[in-house]
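The values are calculated or read from the model by the stated rules, or taken from the named source; none is laboratory data. On a predicted model such as this, the values are computed, not experimentally measured, just so you know. Cβ coordinates were reconstructed from backbone atoms using ideal geometry, including for glycine residues, and neighbour counts include every protein chain displayed. Ligands, DNA and RNA are stripped out before the accessible areas are found, and what is left, the full protein with its side chains, is counted by its heavy atoms. Shrake-Rupley method; radii C 1.70, N 1.55, O 1.52, S 1.80 Å.
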Amino acid sequence: MTAPSVAASDSHRVRPGDTVGGVALRYGVTRGELRAANDIGADNLIRIGERLTIPTKGASSTQSTSSAAARQNSTGAAARSGPVRAGASMSLGAERLAARDAVAAAAREHGIDVDLALAIAWQESRWRPDAVSHAGARGVMQCMPVTGRWMSEKLGRQLDLDDVRDNATCGVMLLKTLQQSSGGDEATVLGAYYQGMTSLKQRGMYGETSRYVAQVQSHRDTIAAGNALRG
C-alpha cells in the first residue's frame, strides 16, 4: 500500500477529552482525512500530548486497488428502499456535489459530526436534492413538511425544504435535537431519525430501523476512511 500523501496546513496537540471526530470537526476536515494524515488506525486511538497534522482541504491519498475494493465490499446490506435505489449511477453530478457540500456546511455550523450527517444524507437520498419519497419526505435529508415547520420554529426563520441549504439545515437541526433528547446515544439518534423518537420509545426499534442504523454507520465509516460510497 502506498502511504497517503497529505499537505499539512496546521497542527493540533491532543488534549484531555479530544477525539478524532472532535478534532476533525474543529478544523473542518473529515475524520478520514485526519486519520490518513496521521496514520491513525481504525480504533481512532490518539494520545494526550500527541501533535496531529491537520491536512489541507482537498489533500489526496493513494491506496491499492485491492484494499480499496475490500473496504467498499464491507459497506453492509443493500440500502433502504426510497427515492434513490441501490444501483444508481456512480457519477456524482454538480447538483449532488453541491448537496453534499451543503450538508457538510450545515453540520459544521451546528456542531454535528460531518461524516455522520453525510452518511444520513446518503442513506436518505444519495445526496439528491430533488428526491421525494412516497410519504412526502423531501430533499437531500428527506425532511417531512412537519419537520420543516418544527425546525423553522427552532431557528426563528422559515425553512424552504426545496432549497438545498435549508433542507440540509433542517436535517442537521433534527439530528442535533435528537442528540440532545437522547443523551447522544448514536443508535437511538439514528433510529429516531428514521422511525421517530416517540415511536422508538413506545414500540422499540423495528427490524428495518436496526438495518437503517447499521447502514448509516457503515456509510459513515466508509466516508471517514476516505473511500467512495457505492449504491
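Can you give the net charge of the other residues whose Cβ lies under 14 Å from the Cβ of Leu116, counting K and R as +1 and D and E as -1? If you can, show how the numbers build up before the last one.
Numbers: positive: Arg31, Arg100, Arg108, Lys176, Arg220; negative: Asp113, Asp115, Glu124, Asp185, Glu186, Asp221.
Charge balance in the 14 Å sphere: -1.
Converting the Cα gyration tensor eigenvalues of the range 143-231 into ellipsoid dimensions via √(5λ) gives semi-axes, longest first, of 23, 19, 11 Å. Counting protein heavy atoms only, the range 125-181 has 49 percent of its accessible area on carbon and sulfur, 1.4 angstrom probe. In order along the range 173-184, the Karplus-derived 3J(HN,Hα) couplings, from 6.51 cos²θ - 1.76 cosθ + 1.60 at θ = phi - 60°, round to 5, 5, 4, 5, 4, 5, 4, 5, 7, 10, x, x Hz, and Gly and Pro are given as x. Placing +1 on each Lys and Arg Cβ and -1 on each Asp and Glu Cβ, with no other charges, gives the range 135-210 a dipole about its Cα centre of roughly 180 debye. Ordering Thr198, Met173, Met141 by the projection of their Cα atoms onto the charge dipole of the range 136-217, which places +1 on the Cβ of Lys and Arg and -1 on the Cβ of Asp and Glu, puts Thr198 at the extreme positive end.
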